[in-house]
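Here is the structure we will look at, set down as structure tokens.
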Amino acid sequence: MLHLRSDKNDAGEICGYNQEMHELIDEIKYSQRKTMAIEVKPGGKVIVRAPKGTRKNTIQQFVQQKSCWIAQAKDRMIKISPAEVKQQYHDGAQILYLGHLWKLQLVDKVKGGLKFNAEEGFQLQKDRLDEAADLIKNFYREETRRLVSVYIDQYASKWGLKVIDLRITSAKTRWGSCSAKNGLNFSYRLAMVPLDALEYVVVHELAHTRHHNHSTAFWGLVAQMMPDFKKRRQWLKLNGRKLPSI
Ligand SMILES: [Zn+2]
């Protein structure tokens, strides 16, 4: 589920403009809960969950405080169609790549069966439609390996870190992991997420080569390597479990 809890630590900045509550949210759901929370669904629907009997004023205030976060979350979730749970491969279907949805075109012939470029999006050879899932998976794998390698080289040399091995996995719930011997694993699903979030995952796993835990020292190193890491991981928290299955 994608919701923001009303903790003080969360992005609580107030936007420079004052929007009416009804412009920001679509629905208020009251229940036997103790705190308020905001949930943004794929497609961009915004729901506020509030304890029974909460006054409109209180909700209004809460929503206003979170207006920046809501705007950003909505922006991202709108790009993710609520229907796209299982990846489709028909002409005109959309494929997620680096945080954007690209159009899929079925064509008569294309080198390798599948091609991507920023002008035309994805092109898939019609008579290889039954291999579509494998072709896109391979594309994601290669892209993940390529992009992750660039960041590993960059950060490892700058911070004096050593990586023994790099593997691309099909993990669904883990973006990355670091073995006891400092081999790094990354899910091919990272090719679906925005580049700045992918870069965060690389930094996170690289920091594990020095601290094999989530201690304060670990998070200190992450923050040193990437001061804006909290902003970058937001997309993963919001959309991570809603990516289409291939
Ligand atoms: Zn970790």
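Subtracting the Cα-Cα distance of LYS181 and ARG33 from their residue separation scaled by 0.36 nm leaves 48.8 nm. Compute the long axis of helix 56-65 from its Cα atoms, compare it with the longest principal axis of the Cα atoms of the chain, and write down the angle in degrees, 0 to 90, nearest 10. Approximately 40 degrees, to the nearest 10. Of the peptides 43-51, 159-167, the ranking by mean beta-carbon count within 10 Å, highest at the top, reads 43-51, 159-167. The order of the peptides 216-223, 93-100 by mean Cβ neighbours within 10 Å, most packed first, is 93-100, 216-223. Helix 67-79 and the longest principal axis of the Cα set of the chain meet at an angle near 40°.
Suppose R0 equals 30 Å; then what is the FRET efficiency for ALA171 and TRP219 from their Cβ-Cβ distance, rounded to the nearest 0.05? Rounded to the nearest 0.05, the efficiency is 0.85.
Taking a straight line from the alpha carbon of LYS162, these lysines sit under 18 Å away, with near neighbours fewer than eight places off in the same chain left out: LYS181. Annotation: amide H-H contacts under 5 Å for GLN105 (H modelled 1.01 Å from N, sequence separation of 5 or more, or interchain): GLY92, PHE122, GLN123, LEU124. Sequence-ordered 3J(HN,Hα) estimates for segment 87-94 from the Karplus curve with 6.51, -1.76 and 1.60 and θ = phi - 60° stand at 4, 9, 10, 6, 4, x, 5, 10 Hz, glycine and proline given as x. Extension gain, LYS242 to LYS109: 0.36 nm times the residue separation minus the Cα-Cα distance gives 44.7 nm. Taking 0.36 nm per residue of sequence separation and removing the Cα-Cα distance, the GLU23/ILE47 pair yields an extension gain of 7.4 nm. Segment 136-242 gives an Rg/Rh value of 0.93, both radii derived from C-alpha positions and Rh following Kirkwood. Run the reach check for LYS242 against aspartates and glutamates, Cα to Cα strictly under 16 Å, same-chain hits fewer than 8 apart removed. What comes back? Partners within reach: GLU39, ASP75, GLU84.
Annotation: aspartates and glutamates with alpha-carbon distance below 15 angstrom to LYS56 (same-chain offsets under eight excluded): GLU20, GLU23, ASP26, GLU27.
To the nearest ten degrees, helix 195-208 and the longest principal axis of the Cα atoms of the chain are 80 degrees apart. Dividing the helix sum by the residues of the chain, where each DSSP H run of 4 or more adds -39500 (n - 2.57), gives a mean residue ellipticity at 222 nm of -11500 deg cm²/dmol. Taking the Kirkwood radius as Rh and the Cα radius of gyration as Rg, the chain has a ratio of Rg/Rh equal to 1.02. Note on segment 87-194: the alpha carbon radius of gyration divided by the globular reference 2.2 N^0.38 Å gives 1.22.
Coordinate-derived values only; no laboratory data. Just so you know, these numbers come straight off a predicted model, no measurement behind them. Backbone-built Cβ (ideal geometry, glycine too); neighbour counts: all protein chains shown.
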